[in-house]
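First comes the structure, then the notes that go with it.
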Amino acid sequence: MRLARGLRVSRSVFETAFDEIGVRHQAPSFMELAETRNQIDPLPAGAERDRMDFAAAMERANADGWLVEFVFQKFADLSAGVNEDARPELQSIANASQHFAAALDVTTGTMNALRRCCLILCEKPDPNAPGKTIAEELGSGFLIGPHLVLTNHHVVAGLLDPATGTPKPDAAPLVRFDYHMGQRELVPPVEIRGSPDWLFAASPSVPGARAETAAALADHLDYAILRLDGRPGHARGHYDIAAAPAPPAVGVGLELWQFPRGQPMKVVGNVRAPAPHGLAIDADPLPPRIHYLMNALHGSSGGLVLDGDKRPVAMHDAGFEAGAQGGDRVNRAIPLALIARDAGAALASELARVPPRLYWSPGRALPILGRTQLQEHIHRAIDGRARIIAVLTAPDETGARRPRIGRSFTHRVLSACLPPDRHHVLLIETSQIDPDPFVTARRIVGLMGPEARVDLPGATGETTLDADATGVLVDRTVQALLAAAPGKTVWLMIDDIDADPIGTQWGASSYLVALYRRVASEPRLRIVLAGLPKRLEGLGDLQDATLVEYLAAPPGPAELKAWIEGFLTRDMPPDEFPPRLAALLRDLARSGLATEDDTAPPGCPTEALARLLTRHAQKAFLGAGGAP
């Protein structure tokens, strides 16, 4: 209203200016808005009615999100002779292309960048310590998939054969996350190696002898997508570069997240700058490079460039020294949308085949803890890259069996990972395995229910029991299982093998071994063996078809941290974490877990919570010495 009252223009002048901007946004005309307002509060023609109509129109523009554009482009002409009390508001509109970012988006985007950016290194022999290696800093990068990191091609060029562009033997990158303040006990840096096939996709930089024209830059995007030997992006989150917006206009703010000279993560901000003289690319909404006035050093290459809303828009790649390209000193980056377009369907396919990480059992309020390797094995078996999963459990310090170690049960994880419309899971415990193979076969097939209509044979009496069990009986078992679940993959899980060992002299043992071998070549059958004290003897020929998970201890701090990151804090607004933590502590106190005696007054969660914090909070929040 203050802006409207300060105007000293006619209705026709305001109408022309308002409608010129409004038509771009498909807004009602000034006359339509004025008539609507006058129907609600009729006023006679005159200055007061003009001011009220002007205010109604600008309120509508503000509600539709284009008042700033109107004020910036038209208000200087309209406000000639404006009252001084309106001037302070006008001075705040300094950039027509800039808008007000939501503070929560900015805070969440900052936390995401802290988790997802990484330092790129390579290991090489230590000249001062034979047999040991040292890490050499190469550049910066960031997660663009659960297992994919984006950086510059020139950052990893030293690990590639110059003639073929393929990785050199035994050369692989190393990435370091959480490198914010050097070594910290609570949040130490995390290092992950590149996988054996670590170079997923790449586009080299412009050759040194070639001029960096717009066409040359468009053909040489200077990027490399690295595969990691792990999937940190499940817990940390990752950027979807296929959805990256176009870079903002010249003069609008940007940020560069980087590891200059291998230092802990740094960030600088400034605005997008015009391209150097002679490189006419700024008119292109998606130019091959954008330029900016942000500092960078060796090690900054591959850094993440965010816009004012903390959205990823580009990847830093180079700078111009004074005297180059007309004497401008600017740095530059490659729009992520161009990299996504160049990587194309291959990148989309790579991301699509990576299964999601499960943190809860579907339909049940039960977390899945400490079984990430099993999830990986299950999905590899779904693809047919393996057919048998063996879960080995180590005994405790006394040599006794570990009945429970705090990790989610194998059957629960199996059921959570396998959609029931495509898979059928059978569970049989070793206590149900009979020495007689024919009894065992009937029990296994009986788990399928009445759908299993195939009659199983009995012993022929013409051959040994082992010969009957490993021949026709296995064939008929497989037929019965597949026929009862048409179109589905059948998973037979044999559980608690360490609790009730299967006698090696039993006929059932020979039958099961023959069944394992048959499964190795049967597309719709899988076997899961849970609780093995050691690898199965006599099955060395099935090594390539078998995936092994070793369970020897409860989930460690790193696994619990990954679960909390992946489920509770990934993409969570930071202001939500304290109330969620408070709710967890409150429920622990109410459940009675806070105290280990019966002296707490019944129905007094405050006292229980105080005891919980007294016992456990010092180490978790204050440190072992009690100091913050």
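The values are calculated or read from the model by the stated rules, or taken from the named source; none is laboratory data. Note that the coordinates shown come from a computational prediction; the quantities given were computed from them, not determined experimentally. Backbone-built Cβ (ideal geometry, glycine too); neighbour counts: all protein chains shown. With ligands, DNA and RNA removed, areas are computed over all heavy atoms of the protein, side chains included. Shrake-Rupley method; radii C 1.70, N 1.55, O 1.52, S 1.80 Å.
Six or more apart or on different chains, Cβ atoms under 6 Å: show the pairs whose first residue is in the range 115-138 and at positive phi and assigned to a strand (DSSP E or B) and whose second is open to solvent by less than 80 Å² (accessible area, probe 1.4 Å) and at pLDDT 80 or above.
Close Cβ pairs (under 6 Å, with a partner that is open to solvent by less than 80 Å² (accessible area, probe 1.4 Å) and at pLDDT 80 or above) do not exist here.
Of all residues in the range 41-51 being open to solvent by less than 70 Å² (accessible area, probe 1.4 Å) and among the aliphatic types (A, V, I, L, M), which is nearest to A101 (Cα to Cα)?
A47
List the pairs whose first member sits in the range 192-214 and is exposed (fewer than 11 other Cβ atoms within 10 Å of the Cβ), whose second member is among the charged types (D, E, K, R), and whose Cβ atoms are under 8 Å apart, counting only residues at least 6 apart or on separate chains?
Taking only residues 6 or more apart or on different chains, the pairs are P196/D229; D197/R227.
All but one of (1) modelled with pLDDT under 80; (2) surrounded by fewer than 13 Cβ atoms within 10 Å (Cβ to Cβ); (3) assigned to a loop (DSSP other than H, G, I, E, B) hold for A96; which doesn't?
(2)
Suppose we filter the range 52-61 for residues that are open to solvent by 60 Å² or more (accessible area, probe 1.4 Å) and over 12 Å from H25 (Cα atoms); how many remain? Don't jump to the end; show me each part of the working.
Of the range 52-61, the ones open to solvent by 60 Å² or more (accessible area, probe 1.4 Å) are 59-60.
Pick out the ones that are also over 12 Å from H25 (Cα atoms) and you get 59.
Total meeting the criteria: 1.
For the list (1) modelled with pLDDT under 90; (2) of a type outside the set (S, T, N, Q); (3) surrounded by fewer than 21 Cβ atoms within 10 Å (Cβ to Cβ), I need the number of the one condition that I368 fails.
That leaves (3) as the condition not met.
Looking at R184, R176, which one is basic (K, R), closer than 24 Å to T133 by Cβ and modelled with pLDDT of 85 or more?
Details: R184 fails: modelled with pLDDT of 85 or more.
Criteria check complete, one pass: R176.
Conditions tested, residue by residue: (1) open to solvent by 40 Å² or more (accessible area, probe 1.4 Å); (2) not aliphatic (A, V, I, L, M).
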| site | (1), (2) |
| --- | --- |
| P555 | no, yes |
| G566 | no, yes |
| T569 | no, yes |
| A583 | no, no |
| D587 | yes, yes |
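Just for the range 225-243: of the residues that are open to solvent by 50 Å² or more (accessible area, probe 1.4 Å) and assigned to a loop (DSSP other than H, G, I, E, B), which one is farthest from S349 (Cα to Cα)?
Only one residue fits best here, namely D229.
Taking the condition under 30 Å from V106 (Cβ atoms), touching a Ser or Thr at 6+ places or on another chain (Cβ under 9 Å) and not basic (K, R), does P523 pass? Lay out the reasoning, then the answer.
On the way: under 30 Å from V106 (Cβ atoms): no; touching a Ser or Thr at 6+ places or on another chain (Cβ under 9 Å): yes; not basic (K, R): yes.
For P523, the condition - under 30 Å from V106 (Cβ atoms), touching a Ser or Thr at 6+ places or on another chain (Cβ under 9 Å) and not basic (K, R) - is not met.
State yes or no: is F70 over 41 Å from the mean Cα position of the chain (by Cα), modelled with pLDDT of 60 or more and surrounded by 13 or more Cβ atoms within 10 Å (Cβ to Cβ)? First the steps, then the outcome.
On the way: over 41 Å from the mean Cα position of the chain (by Cα): no; modelled with pLDDT of 60 or more: yes; surrounded by 13 or more Cβ atoms within 10 Å (Cβ to Cβ): yes.
So F70 does not fit the description; no.
For the range 244-302, enumerate the residues that are farther than 17 Å from P335 by Cα, assigned to a loop (DSSP other than H, G, I, E, B) and open to solvent by 50 Å² or more (accessible area, probe 1.4 Å).
Q263, H277, G278, N295, L297, H298
Small (G, A, S), in a loop (DSSP other than H, G, I, E, B) and at pLDDT 80 or above, is that true of G158? Walk me through how you get there before you give the answer.
On the way: small (G, A, S): yes; in a loop (DSSP other than H, G, I, E, B): no; at pLDDT 80 or above: yes.
It is false that G158 is small (G, A, S), in a loop (DSSP other than H, G, I, E, B) and at pLDDT 80 or above.
What are the residues in the range 104-121 that are in contact with a helix residue (DSSP H, G or I) (Cβ under 9 Å, 6 or more places away or on another chain), modelled with pLDDT under 90 and of a type outside the set (S, T, Y), if any?
Answer for the range 104-121, where residues must be in contact with a helix residue (DSSP H, G or I) (Cβ under 9 Å, 6 or more places away or on another chain), modelled with pLDDT under 90 and of a type outside the set (S, T, Y): just L104.
Being in contact with a strand residue (DSSP E or B) (Cβ under 9 Å, 6 or more places away or on another chain) and of a type in the set (D, E, K, R) is the filter here, so list the residues in the range 530-589 that pass it. Before you say what the answer is, go through the steps one by one.
So the first thing to find is which residues in the range 530-589 are in contact with a strand residue (DSSP E or B) (Cβ under 9 Å, 6 or more places away or on another chain), and the list is 530-536, 539, 542, 545-552, 558, 563, 567.
Answer for the range 530-589, where residues must be in contact with a strand residue (DSSP E or B) (Cβ under 9 Å, 6 or more places away or on another chain) and of a type in the set (D, E, K, R): K534, R535, E549.
Among all residue pairs at least 6 apart or on different chains, which show Cβ distances below 8 Å where the first residue, located in the range 553-564, is free of Cβ contacts under 8 Å to residues at least 12 places away in the same chain and the second is exposed (fewer than 13 other Cβ atoms within 10 Å of the Cβ)?
Qualifying pairs under 8 Å: none.
Search the range 365-389 for residues that are closer than 16 Å to G556 by Cβ and pair each with any residue that is of a type in the set (V, I, T) and buried (at least 22 other Cβ atoms within 10 Å of the Cβ) when their beta-carbon atoms are under 6 Å apart and the residues are at least 6 apart or on different chains.
Cβ pairs passing all conditions: I368/V413; R371/V413; L374/V413.
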